[in-house]
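S.K.: Here it is, the structure, as structure tokens.
The values are calculated or read from the model by the stated rules, or taken from the named source; none is laboratory data. Predicted model only: the values in this text are computed from it and were never measured. Cβ placement follows ideal geometry from the backbone for every residue including glycine, while neighbour counts extend to all protein chains displayed.
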Amino acid sequence: MGDLFSNLSLGFGVALTLQNLGLAFLGCLVGTLIGVLPGVGPIATIAMLLPITFGLDPTGALIMLAGIYYGAQYGGSTTAILVNIPGEATSVVTALDGHQMARQGRAGVALGIAAIGSFFAGTVATLVIAALGAPLTKLALVFGPTEYFSLMVMGLVFAVVLARGSILKAISMILVGVLLSTVGTDLETGEERMTFGLPFLADGIDFAVLAMGIFGIAEILRNLDHTESRDVVRQAIGRLLPNRDDFKQAYKPVLRGTLIGATLGILPGNGAVLGPFAAYTVEKKLAKDPRRFGRGAIEGVAGPESANNAGAQTSFIPLLTLGIPPNAVMALMVGAMTIHGIVPGPQVMTRNPDLFWGMIASMWVGNLMLLIINLPLVGMWVRLLKVPYRLMFPAILMFCCIGIYSINSLPTDVMFIGLFGLVGYMLMKFGFEPAPMLLGFVLGKLMEENLRRALIISRGSLDTFIDRPISAGLLLVALVLLVLALLPSIRKGRDEVFTE
Amino acid sequence: MSTSDESPGAAGRHGLVRAPQNFAGGLLLIALAALALWLTRDLDQGSLRAMGPAMLPDWLAYGVGLCGLVLLASAFLKDGDALERWSLRGPVLVIGAILAFAITIRPFAFGGPSVPGLGLVVAGPLAIIIGGFATPEARLRDLVILALSLTPFCMVLFGDLLNLPIPVFPQALAGLFPADWSQKAVLRATAAVMVLVAIAVFFAGRGRTTRTVDVADHTGRI
């Protein structure tokens, strides 16, 4: 326990320097600004803004990126409440009751309770990360290549189970993602694989390029097809601070949401996505009068929003302790860390304690800032939402181009976001969801490396994955999950959760 | 989020293919798998004890191909979503804008002939204006104003404040400025000129088309 506090005080020492405070503030502000734009989720936001952190020192850069992430997430909720367009999967649930509250003239209260719930969840999640960080890092030391491989297999199975729509399509997307990750020079033999002899493919496909193409450009193309009506709330925003009754109704959902979100967020394979859905379902089940849900129940905003934020934050745990990014956002963080010369994994904590604890402390600082900057700025976000899409998407387009060009100064990278944008658009048209592909791509390189190493150690015997207890356990969990997901009765329930 | 809008009509369709979306998806996966197998045909598979470069890609390609086959087969057996409407305008113009940006931002050679590097001053507005026409609601004047105000903003943000190595001007025009001006002074001067032109365009067209200037239009379209 004493360790925890000395570590946290080290962290706050780093996070509370004037420069880092400024960076956290800037990150939150810019993240929210871009995140508020309908149709721009956290992945595209971070990919677009990655270059602006290049000039900073690694700690500052990661603090700012974390700020951008929370900001984008929070911005997504704002859009969900005010416009009923969820920026990404996790704010779908918020839109249900949040937008109804807004139509009843309680937009301010919905935004307020979302911010307060998020802040509380963020505080708890920060403590969870600080407390679990050290023990999990020790766990990572007993992990060999065999265990790593099995853990990643489990993560991918999670991603399949959590994806919307057809399980077969999700599996094929994951396989395609891993396949894409094998493009480039083979690390052991130095032979070029599937590069068409093109020199810029020799290092493989850049993750930022793939992510930007699939989540930035493809999203623009899709939005251009659907001329949905944008239903910006015309009513007054109303008071922002929830009153005593609101608090009374909301504090329990906040507590439960935090617990659910924090637990699910730790799971590899994007468990954080499930948090808001689970929290909403729980609240609806526990409510005395479930009919209020979908008609502006404050619990339906408080629970999922807390779960969302708690999960967003605890999903840093697999990255910081095991070096495995559990979702696409964390994969971008890996990219950012690598650019600054830091290899994510258990060694970060011992080799760069300033960075590790500074970043954790800055998460709490970032949450506090979001609470402070967002509520007064609501009016500005509302005006931003009124900018028509025909003016917004060319701007997003240019930002994507500049952002991706400045990462490597390669015009070919810019062309590739166009190509991947087109591919992503086609995939969406054929009913595939691109998120699992991205996760497969992210984990692909690590998986191949660990698979090869494990097989060299075991002299080519596949039994090693079953003989070693931890690895066998992880694979068993993966198998059980997959079977469960395929069972007809559970499958129906899963569809219900996602269509609600 | 966005499932096919035409799906209710799908049940009434006749023909061999009962789920066109899955049919197309299956074909795509099979083509992808075939491509991967063809590309790795010359590489060594290796053995489990020492995996060659082609082993994992090949396994994965078989996996992808198998998924594709199952999907294809299911398209004949089960009713599913119809293919959504495709529009060419959006993809063509958006990709065109991206390509225009890529080849003008710095010198780019297509085998023999090469494009001179024109920098952000040209590439930015080009991307915005070409891309902007991807929607039928595009208005040239608004896009010009947007291009002339966002480009200087990005020039100052990325080139001046963040010092990113992004080319800003056509190299041929470097001689036009006084020799003792620094790179940044030139950048700021150009940005200022662009903003002024943007403001001029904004006010110039105002008298004639007052109705359409209202940027925050309330048609509620996205």
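S.K.: Against the condition within 29 Å of residue B:155 (Cα to Cα), among the small types (Gly, Ala, Ser) and more than 14 Å from chain B (Cβ to nearest Cβ), how does residue A:421 come out, does it pass?
M.R.: no
S.K.: Name the residue, out of B:132, B:119, that is on the phi > 0 side of the Ramachandran plot and assigned by TED's automatic domain parsing to the domain that holds residue B:188.
M.R.: Selected residue: B:119, the only one of B:132, B:119 that is on the phi > 0 side of the Ramachandran plot and assigned by TED's automatic domain parsing to the domain that holds residue B:188.
S.K.: Name the residue that is farthest from residue B:127 (Cα to Cα), counting only residues in region B:158-167 that are within 7 Å of chain A (Cβ to nearest Cβ), without any contact (Cβ under 8 Å) to a residue 60 or more places away in the chain and in contact with a helix residue (DSSP H, G or I) (Cβ under 8 Å, 6 or more places away or on another chain).
M.R.: It comes out as B:162.
S.K.: Okay, moving on. List every residue pair whose Cβ atoms lie under 8 Å apart, where the two residues are 6 or more positions apart in sequence or sit on different chains, the first residue falls within region A:301-317 and is free of Cβ contacts under 8 Å to residues at least 60 places away in the same chain, and the second residue, located anywhere, is part of a loop (DSSP other than H, G, I, E, B) and surrounded by 24 or more Cβ atoms within 10 Å (Cβ to Cβ).
M.R.: A:315/A:270; A:315/A:326; A:315/A:327
S.K.: Got at least one residue in region A:208-218 being more than 9 Å from every other protein chain (Cβ to nearest Cβ) and under 24 Å from residue A:452 (Cβ atoms)?
M.R.: Within region A:208-218, one or more residues are more than 9 Å from every other protein chain (Cβ to nearest Cβ) and under 24 Å from residue A:452 (Cβ atoms).
S.K.: Could you check region A:25-46 and list, in sequence order, the residues that are of a type in the set (A, V, I, L, M) and either closer than 15 Å to residue A:73 by Cβ or touching a Pro at 6+ places or on another chain (Cβ under 6 Å) (or both)?
M.R.: Once the filter is applied, which keeps residues that are of a type in the set (A, V, I, L, M) and either closer than 15 Å to residue A:73 by Cβ or touching a Pro at 6+ places or on another chain (Cβ under 6 Å) (or both), region A:25-46 yields A:29, A:30, A:33, A:34, A:36, A:37, A:40, A:43, A:44, A:46.
S.K.: Which one of these does residue B:155 not meet: (1) among the aliphatic types (A, V, I, L, M); (2) touching a residue at least 24 places away in the same chain (Cβ under 8 Å); (3) within 9 Å of chain A (Cβ to nearest Cβ)?
M.R.: Unmet condition: (3).
S.K.: May I pose another question? Is there any pair with a first residue in region A:388-403 that is closer than 14 Å to residue A:49 by Cα and more than 7 Å from every other protein chain (Cβ to nearest Cβ) and a second that is small (Gly, Ala, Ser) and buried (at least 23 other Cβ atoms within 10 Å of the Cβ) whose Cβ atoms are under 6 Å apart and which are 6 or more apart or on different chains, and what are they?
M.R.: If the second residue must be small (Gly, Ala, Ser) and buried (at least 23 other Cβ atoms within 10 Å of the Cβ), the pairs left are A:400/A:216.
S.K.: Starting from residues that are without any contact (Cβ under 8 Å) to a residue 60 or more places away in the chain and of a type outside the set (A, V, I, L, M), keep the ones in region B:141-152 and report whichever is nearest to the other protein chains (Cβ to nearest Cβ).
M.R.: Ranking the qualifying residues of region B:141-152, first place goes to B:151.
S.K.: Please pick out the residue among B:118, B:48, B:32 that is under 28 Å from the mean Cα position of the chain (by Cα) and facing chain A (nearest Cβ under 9 Å).
M.R.: B:32
S.K.: From the list B:134, B:109, B:138, B:102, pick out the single residue that is closer than 14 Å to residue A:411 by Cα and either within 7 Å of chain A (Cβ to nearest Cβ) or at pLDDT 80 or above (or both).
M.R.: Among B:134, B:109, B:138, B:102, only B:102 is closer than 14 Å to residue A:411 by Cα and either within 7 Å of chain A (Cβ to nearest Cβ) or at pLDDT 80 or above (or both).
S.K.: Okay, moving on. Among the candidates B:137, B:84, single out the residue that is buried (at least 19 other Cβ atoms within 10 Å of the Cβ), of a type in the set (Asp, Glu) and not in a helix (DSSP H, G or I).
M.R.: B:84
S.K.: Something else now. Among the residues of region A:132-146, are any in contact (Cβ under 8 Å) with a residue 12 or more places away in the chain and buried (at least 24 other Cβ atoms within 10 Å of the Cβ)?
M.R.: Taking every residue of region A:132-146 in turn, at least one turns out to be in contact (Cβ under 8 Å) with a residue 12 or more places away in the chain and buried (at least 24 other Cβ atoms within 10 Å of the Cβ).
S.K.: List the number of the failed condition for residue A:159; all other conditions in (1) within 23 Å of residue A:483 (Cβ to Cβ); (2) surrounded by fewer than 24 Cβ atoms within 10 Å (Cβ to Cβ); (3) touching a Pro at 6+ places or on another chain (Cβ under 7 Å) hold.
M.R.: Every listed condition holds for residue A:159 apart from (2).
S.K.: If you check residue A:427 against the conditions, is it surrounded by fewer than 24 Cβ atoms within 10 Å (Cβ to Cβ), farther than 21 Å from residue A:42 by Cβ and either more than 8 Å from every other protein chain (Cβ to nearest Cβ) or not acidic (Asp, Glu) (or both)?
M.R.: Spelling it out, it is not the case that residue A:427 is surrounded by fewer than 24 Cβ atoms within 10 Å (Cβ to Cβ), farther than 21 Å from residue A:42 by Cβ and either more than 8 Å from every other protein chain (Cβ to nearest Cβ) or not acidic (Asp, Glu) (or both).
S.K.: A further question follows. Has region B:169-186 got any residue that is within 25 Å of the chain's Cα centre (by Cα), within 14 Å of another protein chain (Cβ to nearest Cβ), at pLDDT 75 or above and under 22 Å from residue A:410 (Cα atoms)?
M.R.: No: zero hits.
S.K.: Take region A:267-296 and flag every residue that is buried (at least 21 other Cβ atoms within 10 Å of the Cβ) and part of a helix (DSSP H, G or I).
M.R.: Correct list: A:271, A:272, A:273, A:274, A:275, A:276, A:277, A:278, A:279, A:280, A:283.
S.K.: Let me ask another. Of the residues A:460, A:473, A:444, A:421, which single one is within 30 Å of residue A:94 (Cα to Cα) and either modelled with pLDDT of 85 or more or not in a helix (DSSP H, G or I) (or both)?
M.R.: The unique qualifying residue is A:421.
S.K.: With respect to residue B:134, determine if the residue is over 13 Å from the mean Cα position of the chain (by Cα) and aliphatic (A, V, I, L, M).
M.R.: no
S.K.: Just checking, how many residues over region A:9-38 are β-branched (Val, Ile, Thr) and either buried (at least 24 other Cβ atoms within 10 Å of the Cβ) or closer than 14 Å to residue A:71 by Cβ (or both)?
M.R.: Here the count works out to 4.
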